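Below: the structure, in structure tokens.
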């Protein structure tokens, strides 16, 4: 199967409270985005990678991440859009004009600890079922709370999973999902939600608590700890 990867890395990172976007912050001697790209670069199953960056940061991404670390599978940088969905769509439109792909993989640029085994599980599941994501079953009791801060309902945590990435889709499915979402002016919080809106099934593969999305200063501290732990074996 021919797999193309899209890496959304166009966020501004306001919650990180740093002077540069979170994807360019470093631990272990290289930027978060570089750690993420390294995992996919080293997977033979990934044929090529498209990185989506802020329009004003395209040169910065190239000179600070892509070139210094020698990523050969990153064939293009694409400017991001207003929302994540717009950013991924910008990349999809470029891929649609390229070679025919069996699968499209989307993975957050700030999830640097996904493992090759996890990526391969989602790829295989998507090849079989059409769409698949990594997700983590909820461990805590989950409450539905109103805007006044009052509990409305306790949800059954056995039915609650926390979505992660990568999310992988057969090309025809994700393309149709995006086209129909825009036709209905619908914005989802992830790619899987667009496929769900079509009424199509999405397979869930168990993720890992270590596959964190580095979003806040606390996440960066945790990322450094996970990195040290893995370096120690």
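The values are calculated or read from the model by the stated rules, or taken from the named source; none is laboratory data. Keep in mind the model is a prediction, meaning the values are calculated, not measured. Virtual Cβ from ideal backbone geometry, glycine too; neighbours counted across all protein chains shown.
Structure above, values below:
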item	result
Residue check, residue 214 surrounded by 14 or more Cβ atoms within 10 Å (Cβ to Cβ), in contact (Cβ under 8 Å) with a residue 40 or more places away in the chain, over 15 Å from the mean Cα position of the chain (by Cα) and under 19 Å from residue 163 (Cα atoms)	no
Of residues in the stretch 94-128 being loosely packed, with under 15 Cβ neighbours inside 10 Å and at pLDDT below 95, the one nearest to the chain's Cα centre (by Cα)	96
Residues being outside any loop (DSSP other than H, G, I, E, B) and over 21 Å from residue 119 (Cα atoms) - total across the stretch 220-233	6
Subset of the stretch 195-219 (residues that are part of a helix (DSSP H, G or I) and touching a strand residue (DSSP E or B) at 6+ places or on another chain (Cβ under 7 Å))	195
Residues that are in a helix (DSSP H, G or I) and closer than 18 Å to residue 4 by Cα, drawn from the stretch 169-194	171, 172, 173, 174, 175, 176, 177, 178, 191, 192
Every residue from the stretch 45-72 that is within 21 Å of residue 93 (Cα to Cα), assigned to a helix (DSSP H, G or I) and touching a helix residue (DSSP H, G or I) at 6+ places or on another chain (Cβ under 7 Å)	none
